[in-house]
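Here the structure is laid out as structure tokens; the discussion comes afterwards.
Since every read-out is calculated from the coordinates, none of them should be taken as a lab result. Here the structure is a predicted model, which is why all the values come from computation and not from measurement. Here the Cβ is made from the backbone with ideal geometry for all residues, glycine too, and neighbour counts use every protein chain on show.
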Amino acid sequence: MPFPRVVRDEALVKSHRRCCVCHEFGGRSVNVHHIVQEADGGPNVIENAICLCLRCHAEAGHFNPRHPMGTKYSPDELRAHRDQWWSHCQTHPDEPLGLCLEVGFMVRSRTADLHKYRLVIGYTNTLTQAHDGWKAQVYIPAYVPVEVGDFDRCDVRIDGAVYVELETQSSAKVFPGETIEVVPNMQHFFLEYEVNHSNYNQVLRAGKVIWKFFTSNAPVIEGEKPLAELQEF
Ligand SMILES: [Zn+2]
């Protein structure tokens with residue numbers, strides 16, 4: 001028997017729909033898992049529930065004290081992860097909003113002195129209501145060559161440095177739990193940038209990417225990341 005709806009909901013809310021072990025946002029693919037399996041007498045109550053992502057769920061499911069291979073997840077350890085994460089969520093109630101813009105990169109090509117990367121940004125609506133459209137702005141230092149499809153671009157100054165502002169927007173609704181590609185990796189819609197011989201040192205020292213994400217009914221999500229942290233050299 002699965003957990004009753006009310007127990008599932010409580011576990012999801014207490015965990016901010018994030019995995020209690022790796023803390024990754026799970027959206028629709030988060031699982032409410034039994035810490036002690038039902039087959040072993042585990043009850044369908046909140047004390048026996050833990051939210052896990054698909055990967056951690058698969059790993060935790062492999063706990064079997066009779067097969068001592070690798071470092072298994074024991075029920076006590078799972079319970080400790082869960083309690084630690086729940087108390088973190090309780091003291092950081094605003095976190096689901098700010099953490100759900102995922103910024104990463106993809107390698108396009110890499111030679112000894114020219115690296116090309118694509119920026120990829122995804123957003124998950126963690127609210128209980130839909131957004132009516134959204135707008136995203138990405139800022140890349142002007143000395144970093146960028147190639148883009150389908151973005152509006154202009155030059156702006158931030159803290160005395162020149163950046164290229166790239167803007168994209170959509171009027172499509174984003175439903176609760178839905179994940180959208182804000183800066184996708186598509187043939188005609190992408191954001192590609194170059195790290196080469198002449199900008200390498202500058203990128204390593206101070207280059208950063210800045211972003212702002214606007215929706216109709218949530219606070220603006222703002223953030224930045226050093227470019228050096230974003231890629232592998
Ligand atoms: Zn996980």
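Here are the numbers for this structure:
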{"item": "Over segment 132-208: Rg over Rh, Cα atoms, Kirkwood Rh", "result": "1.04"}
{"item": "Per-residue ³J(HN,Hα) for segment 162-172, Karplus 6.51 cos²θ - 1.76 cosθ + 1.60, θ = phi - 60°, Hz, x for Gly and Pro", "result": "8, 10, 8, 9, 10, 10, 9, 8, 8, 9, 6"}
{"item": "Leading residue at positive end of dipole, the chain (Cβ point charges), from L54, V209, T168", "result": "L54"}
{"item": "10 Å-binned pair-distance histogram of segment 5-93 (Cα, whole percent)", "result": "18, 53, 25, 4, 0"}
{"item": "Pairwise Lys count, the chain - Cα closer than 25 Å, eight or more residues apart or different chains", "result": "11"}
{"item": "Directionally averaged projected area (convex hull, Cα atoms, segment 194-233), nm²", "result": "3.4 nm²"}
{"item": "222 nm mean residue ellipticity, helices alone, for the chain (DSSP H n ≥ 4; -39,500 (n - 2.57); rounded to 500)", "result": "-5500 deg cm²/dmol"}
{"item": "Over 28 Å [Cα-Cα, segment 96-230], rounded percent", "result": "18 percent"}
{"item": "Equivalent ellipsoid semi-axes, the chain, via Cα gyration tensor eigenvalues times 5, rooted, Å", "result": "40, 22, 15"}
